[in-house]
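Visitor: To start, I am sharing the structure in question, which I have written as structure tokens.
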Amino acid sequence: MVIHRLITRAARVVHKSAAFNKTSCLNTQIVRLISIGRCNFAERLYTNKHEWVEVDGKIGIVGISDYAQSALGDVVYAQLPDVDKTFTQNDECGALESVKAASELFTPVSGKVVAKNNDVEDTPSLINSSCYDKGWLFKIELNKETELKELMNETQYKEFLKSNEH
Amino acid sequence: MHRTFRFLSQAPVQAIKKTVLISQSHDIYTNLAYEDWLYTHQEFENHNVLMLWSNDPCVVIGRYQNPWLEANVPELPQITQNGVLLARRKSGGGAVYQDRGNLNLTFFTSKKQYHRKHNLELIARAVHKNYGVKITVNDRDDLVIGDSKVSGTAAKLGRLNAYHHCTLLVHANKTNLSRALHKQRWNIQTNATQSTRSKVLNLSNEIPGITINDLLWMIGYEYLNTNDFQYINPEDNFSANVFACRDELRSWDWCYGNTPKFTINKSFPIDCKINCDVTITVENGRIASVDLGNTAGLVVKEGIFDNLKNCQFDINVFDSVANLLFDAKELVAKSKQV
């Protein structure tokens with residue numbers, strides 16, 4: 001991840017530098033090469049409210065963490081955001097009902113919803129049985145990629161869970 | 001020892017302030033709007049609030065429930081003189097009937113402080129101290145006496161705030177309760193949250209003569225340790241957005257339009273030979289499609305039900321479907337005669 005960020009940052013510096021702008025053709029090629037590389041680094045990032053997002057290119061897949069699904073208990077109803085709706089980071093974008101409680105759902109990143117998981121709407125228990133795979137909630141087209149820097153990676157999230165601050 | 005004291009003195013000592021609010025309104029939509037306004041506009045981390053309220057006859061369903069499955073929708077207007085209202089709350093859980101013989105309690109806290117068992121035990125403790133009657137909290141977070149329920153539970157959790165509310169049956173009209181929640185035999189397919197039906201009991205059965213006012217005072221005192229309650233009339237404190245919220249909660253679009261997608265199926269005879277099987281799909285409370293299963297040879301023109309599309313769903317819509325089919329049958333019969 002760190003290496004990846006370094007590469008991306010380096011690419012941006014290169015992109016901005018006047019010398020390279022003169023040879024913009026070469027420049028575009030470098031950026032493209034690196035952005036293709038980015039796909040291979042897809043990693044699950046977490047918020048302190050226990051949502052996760054896995055980014056591939058400009059599309060983020062969003063779900064809730066294992067800690068969250070276990071804290072919620074059996075999910076009996078999932079209200080997911082409608083496709084084409086636009087949200088800003090941390091906006092309320094849906095809700096999950098479990099053990100008589102409706103828990104608001106928040107988007108970990110800003111962007112436009114491009115898909116929602118119909119299987120989860122039909123079978124909400126997928127969130128409990130497979131929160132990182134079949135129980136994903138929606139896909140969002142990111143419009144502010146810098147927000148990803150504020151999120152925690154797997155190791156940081158595990159530390160955060162230990163810290164009792166959640 | 002010294003170190004311990006130093007530690008204690010450095011610990012943030014911030015007592016949580018508590019307030020008991022008693023709503024003077026008995027309108028379900030006004031009270032739900034006020035509850036929602038508190039939840040969205042106040043911070044509860046250092047200031048917990050208990051709101052106590054009571055409503056005129058109504059059925060309150062959970063956020064993701066189907067009113068046609070939970071309440072006796074066609075008969076609600078006739079059950080009492082002014083009718084039984086139908087409301088959809090913002091929290092989860094099942095359907096309840098309530099009237100002025102119920103006491104509603106909403107415990108507002110931060111999400112971190114949200115603790116349903118703690119609140120329910122407080123209620124049980126207040127009743128036990130004052131009346132010697134033992135109420136227990138079961139594994140579904142219901143309050144029960146023996147095997148009968150005196151209150152259910154529902155909650156809403158946000159990013160920072162949370163509330164837990166419940167409604168105690170004190171001396172509610174049980175005849176109206178049974179009629180308002182009378183289970184319909186409609187064939188509805190849905191993944192909406194369904195209520196668990198339980199045997200219910202009024203507290204007045206165990207504590208003859210108990211009043212809402214007595215109970216309200218005792219629970220308020222148990223929560224606050226004083227009787228310094230605040231009586232509020234949400235109508236007076238209403239800001240424009242609270243009024244807007246009340247109007248939204250009262251609207252057809254909120255109460256019925258928010259029903260999770262469902263299909264309802266009914267078979268009925270068009271004449272002695274033809275039995276029709278009709279399935280209506282309802283999305284956002286409105287008719288999305290009408291499909292015929294078995295028509296026993298009745299030829300139906302395409303688009304015959306187009307006028308029904310997007311209409312607000314109502315059980316009577318099956319009568320309209322039957323009429324359209326009857327007309328279609330007559331038409332076929334006439335064309336054969338010609």
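Just so it is clear, none of the values below were taken in a lab; they were calculated from the coordinates. In this text, all values refer to a predicted model and were calculated from it rather than measured experimentally. For neighbour counting, all protein chains shown are included, and Cβ atoms are generated from backbone atoms with ideal geometry for every residue, glycine included.
Visitor: B:Ser148 to B:Ala288: FRET efficiency via 1/(1 + (r/R0)^6), r the Cβ-Cβ distance, R0 30 Å, to the nearest 0.05?
Guide: Working: r = 41 Å, r/R0 = 1.35.
The pair B:Ser148/B:Ala288 has a calculated efficiency of 0.15.
Visitor: Then there is this: Each label point is 7 Å from the Cα along the Cα-to-Cβ direction; what then is the distance between the points at B:Asn275 and A:Lys149, in nm?
Guide: Using points 7 Å along Cα→Cβ, the separation is 7.0 nm.
Visitor: Can you tell me how the protein assembly as shown classifies by the Cα gyration tensor, rounded, prolate or oblate, using a/c under 1.5 as the rounded cut?
Guide: Working: a/c = 2.43, a/b = 1.10, b/c = 2.21.
Oblate, since a/c reaches 1.5 and b/c is not below a/b.
Visitor: With an 8 Å cut-off on Cα pairs and a minimum separation of 6 or more residues, tell me the relative contact order of chain B in percent.
Guide: Working: 623 pairs, mean separation 61.7, N = 338.
This gives 18 percent for chain B.
Visitor: While we're on this one: Relative to the Cα centre, what is the charge dipole magnitude of region B:252-327, using +1 at the beta carbon of each Lys and Arg, -1 at the beta carbon of each Asp and Glu, and rounding to the nearest 20 debye? Walk me through the intermediate numbers first.
Guide: Working: 6 positive and 10 negative charges, 23 e Å.
Around 100 debye, computed over region B:252-327.
Visitor: Still on this structure: Roughly speaking, what % of Cα-Cα pairs in region A:42-162 are separated by over 21 Å, rounded to a whole number?
Guide: Numbers: 2212 of 7260 pairs.
That fraction is 30 percent.
Visitor: Starting from region B:241-306, pick out the chymotrypsin sites (Phe, Trp or Tyr not before Pro) whose DSSP state is loop and whose Cβ has at most 10 other Cβ atoms within 10 Å.
Guide: Details: sites: B:Phe243, B:Trp252, B:Trp254, B:Tyr256, B:Phe262, B:Phe305; in loops: B:Tyr256, B:Phe305.
Counting only loop positions with at most 10 other Cβ atoms within 10 Å, none of the chymotrypsin sites (Phe, Trp or Tyr not before Pro) in region B:241-306 qualifies.
Visitor: Assuming R0 = 22 Å, can you tell me the calculated FRET efficiency for the pair B:His26 and B:Gln81, based on Cβ-Cβ distance, to the nearest 0.05?
Guide: Details: r = 15 Å, r/R0 = 0.66.
That gives a FRET efficiency of 0.90.
Visitor: Could you check the simple spin-label distance between B:Thr196 and A:Thr88, using points 7 Å along Cα→Cβ, in nm with one decimal?
Guide: 4.1
Visitor: Can you tell me the FRET efficiency between A:Ser70 and B:Ser204 if r is taken as the Cβ-Cβ distance and R0 is 45 Å, rounded to the nearest 0.05?
Guide: Numbers: r = 41 Å, r/R0 = 0.90.
Computed FRET efficiency for A:Ser70 and B:Ser204 comes out at 0.65.
Visitor: Follow-up question, since we're still on this one. Only Lys, Arg, Asp and Glu count, each charged at its Cβ (+1, +1, -1, -1), so figure out the dipole size of region A:42-162 about its Cα centre, rounded to 20 debye.
Guide: Details: 13 positive and 22 negative charges, 35 e Å.
That gives region A:42-162 a dipole magnitude of about 160 debye.
Visitor: List the trypsin sites (Lys or Arg not before Pro) within region B:172-254 that fall in a DSSP loop (any state other than H, G, I, E or B) and whose Cβ has at most 13 other Cβ atoms within 10 Å. The partial results should precede the final answer.
Guide: Details: sites: B:Lys174, B:Arg179, B:Lys183, B:Arg185, B:Arg197, B:Lys199, B:Arg246, B:Arg250; in loops: B:Lys183, B:Arg185, B:Arg197, B:Lys199.
Taking region B:172-254 and a limit of 13 other Cβ atoms within 10 Å, the loop trypsin sites (Lys or Arg not before Pro) found are B:Lys183, B:Arg185, B:Arg197, B:Lys199.
Visitor: Based only on Cα atoms, what Rg/Rh ratio does region B:14-255 have, Rh being taken as Kirkwood's radius? Please report the intermediate quantities before stating the final value.
Guide: Numbers: Rg = 17.1 Å, Rh = 18.2 Å.
We get a ratio of 0.94 for region B:14-255.
Visitor: If you average the alpha carbon positions of region B:236-273 and of region B:170-198, how far apart do those two centres end up, in angstrom?
Guide: Rounded to whole Å, the Cα centres lie 16 Å apart.
Visitor: Separate question: For the charge dipole of the protein assembly as shown, defined by +1 on Lys and Arg C-beta atoms and -1 on Asp and Glu C-beta atoms about the Cα centroid, which residue among A:Ser130, B:Leu69, A:Leu45 has the Cα displaced farthest towards the positive pole?
Guide: Farthest along the dipole direction, towards plus: A:Leu45.
Visitor: Are there trypsin sites (Lys or Arg not before Pro) in region B:76-132 that DSSP puts in a loop and that have at most 11 other Cβ atoms within 10 Å, and which ones? Can you show the working numbers first?
Guide: On the way: sites: B:Arg88, B:Arg89, B:Lys90, B:Arg100, B:Lys111, B:Lys112, B:Arg116, B:Lys117, B:Arg125, B:Lys129; in loops: B:Arg89, B:Lys90, B:Arg100, B:Lys111, B:Lys112.
Filter output for region B:76-132: empty list.
Visitor: Size of the dipole of the protein assembly as shown about the Cα centre, Lys and Arg at +1 and Asp and Glu at -1 on the beta carbon, nothing else charged, in debye to 20? Please report the intermediate quantities before stating the final value.
Guide: Details: 57 positive and 56 negative charges, 238 e Å.
Dipole size: approximately 1140 debye.
Visitor: Mean residue ellipticity at 222 nm from the helices of chain B, using -39,500 (n - 2.57) per DSSP H segment of n ≥ 4 over the full residue count, to the nearest 500 deg cm²/dmol? Walk me through the numbers before you get to the answer.
Guide: Working: 12 runs with 111 residues, N = 338.
After summing the helix terms and dividing by the residues of chain B, the value is -9500 deg cm²/dmol.
Visitor: If you don't mind, there's one more thing I want to ask. State, to one decimal in nm, how far the label point of A:Lys112 lies from the label point of B:Asp253, with both points 7 Å from Cα in the Cβ direction.
Guide: Inter-label distance under the simple model: 2.3 nm.
Visitor: What whole number of Å gives the distance from the Cα centroid of region A:55-132 to the Cα centroid of region B:15-56?
Guide: Between the Cα centres of region B:15-56 and region A:55-132 lies a distance of 29 Å.
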